Amino acid sequence: MTKEELVKVLKEEPSKMDFFIYEAIFSEKRDTFLPILKESLKILGFSGKSIYCLYKEFSKKFLGFSVPAFNIRGMTYDVARRIFKVAKRLKVGALIFEIAKSEMKYTKQPPLEYATVVLAAAFREGFDGPVFIQGDHFQLNRKAFFTDSFKEKKVLRKLIRESIAADFYNIDIDASTLVDLEKKDLMEQQKYNYEVTAEMVSFIRSIEPEDITINIGGEIGEIGGKNSTPEELRAFMKGFNLCFQDSVGISKISVQTGTTHGGVVLPNGKIAETFLDFTTLKILSKIAREEFGLAGAVQHGASTLPENYFYLFPESECVEVHLATGFQNFIYDHPALPYEFREKIYSYLKNNFKNEWKEGDTEAQFLYKIRKKGFGAFKKEWWDLSYEIKENILTDLESYLEKLFTALNVVNTLDTVKNLCL
């Protein structure tokens with residue numbers, strides 16, 4: 001089927017998208033059909049956009065809301081549809097769909113697939129706002145970098161090029177893995193971080209489409225490590241500005257304020273209470289905005305925090321909040337998910353990832369940390385869950401999304417975002 005034929009069918013019967021997206025992911029013709037479906041969506045008016053213009057407004061003054069960024073690891077089409085459905089009803093325009101470099105591998109969702117699925121979901125729900133697709137934690141492996149920096153940077157450039165071709169017009173460069181806290185001088189600690197970030201931002205600017213300014217973020221503190229400080233932020237930005245020669249650099253900065261990706265899991269598999277330093281988050285956001293012209297600070301690892309915390313992000317002038325593991329937990333732990341299916345995944349993980357079972361961890365701790373890898377290995381089976389099962393899970397997810405959008409104050413942001421980003 002040609003893209004012209006596909007467009008005609010979808011215009012006449014939008015529900016056919018459910019069949020076409022499934023074929024694009026799982027059929028033998030995937031390699032040829034997926035790009036055709038992506039192009040058809042573009043003709044229909046659904047393509048990725050950059051959130052840069054909105055963040056440019058944030059750099060002038062905080063706009064009163066924090067943008068949620070969703071990492072969807074499994075049941076991606078269904079979950080994305082539900083997010084768009086709630087966003088449409090509440091007139092939410094400030095939201096991002098993202099996937100990290102590491103997630104692409106263990107969920108088996110390369111850039112073209114992830115972008116096409118998200119855009120297909122937007123089409124299916126009739127969402128008329130801009131769709132922001134983001135590369136999260138486009139990261140450099142510390143050991144690989146210091147073994148062969150040229151090779152490791154080449155790997156990242158390849159991913160960036162592939163992602164931009166798939167409409168990832170928002171990219172977070174994460175070279176915080178290269179920070180050396182053993183150095184006494186802050187500039188020396190951040191040296192590899194700001195140098196590599198500047199190099200990658202320059203590379204992005206050199207290949208971005210002529211009519212698009214890709215929104216780019218940097219990171220000063222590895223999530224799960226020591227909390228970031230104003231001095232570290234200033235050192236990073238000073239070094240970055242010395243190295244970066246183009247006109248448009250980064251527009252946001254990710255910081256560490258007490259969270260850990262996935263949360264800290266207790267021996268019984270429950271999440272330990274996290275104490276987030278909202279005071280530091282607000283200070284860093286203000287410094288980023290007032291001293292360096294950025295939109296503000298970004299909070300990672302937030303999805304496992306208590307619900308009442310989310311009201312504090314806009315109060316802290318946080319520009320963006322990343323949400324991943326909490327949605328994974330919502331799906332895995334939902335009572336509607338068949339016990340047999342969950343245990344099948346757990347059995348597979350215990351048999352195939354024994355080498356990642358850390359000494360001293362209980363089985364519950366091991367499974368909590370590793371079950372993210374059950375999405376890629378069983379991707380088709382997640383998609384094939386019955387309508388009744390998925391509907392039970394997604395209906396409850398819808399209620400959670402309403403609370404989240406309200407807490408982050410992004411309800412009724414659609415017109416503002418459309419005026420700036422379309």
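Only the coordinates and a few stated rules stand behind these numbers; no lab work does. In this text the structure is predicted, and so the values were computed from the model without any measurement. Every residue, glycine among them, receives a Cβ derived from its backbone with ideal geometry; neighbour counts consider all protein chains shown.
Worth a mention:
- Helix-only [θ]222 nm of the chain, DSSP H runs n ≥ 4, -39500 (n - 2.57) each, per residue, nearest 500: -16000 deg cm²/dmol
- Derived scalar couplings between HN and Hα for the stretch 50-58 equal 9, 8, 4, 5, 5, 5, 5, 5, 4 Hz in order, rounded to whole Hz, by the Karplus curve 6.51 cos²θ - 1.76 cosθ + 1.60 (θ = phi - 60°), x for Gly and Pro.
- Residues of the stretch 131-148 with amide N under 17 Å of a point placed 7 Å along Cα→Cβ from K105: 136-148
- Of I212, I173, I96, the one that fluctuates the most in a GNM where the chain has Cα springs shorter than 10 Å: I212
- Cβ charges +1 (Lys, Arg) and -1 (Asp, Glu), total dipole of the stretch 11-97, debye: 580 debye
- Residue (of F26, L41, L10) at the positive-pole extreme of the stretch 1-45, dipole from beta-carbon charges: L41
- Residue of A336, A166, A100 that the Gaussian network model of the chain assigns the largest fluctuation, springs spanning Cα pairs under 10 Å: A336
- For the chain, the dipole from Cβ point charges (+1 on Lys and Arg, -1 on Asp and Glu) about the Cα centre works out to 360 debye, to the nearest 20.
- Rg [Å, one decimal], Dmax [Å, integer] - the stretch 59-121, C-alpha atoms: 13.2, 39
- Over 41 Å [Cα-Cα, the chain], rounded percent: 11 percent
- The GNM of the chain, with springs linking C-alpha atoms under 10 angstrom apart, assigns the highest mean-square fluctuation among K354, K286, K380 to K354.
- Size descriptor, Kirkwood hydrodynamic radius, that averages inverse alpha-carbon separations across the stretch 291-380, Å: 15.6 Å
- Cα-centred dipole magnitude for the stretch 1-45, charges only on beta-carbon of K, R (+1) and D, E (-1), debye, nearest 20: 140 debye
- Listing R73, R161 from fewest to most neighbouring C-beta atoms within 10 Å gives R161, R73.
- Computed from label points 7 Å out along Cα-Cβ, the spacing between S15 and K344 is 2.7 nm.
- Extension gain, I43 to K56, is 1.9 nm, computed as 0.36 nm per intervening residue step minus the present C-alpha separation.
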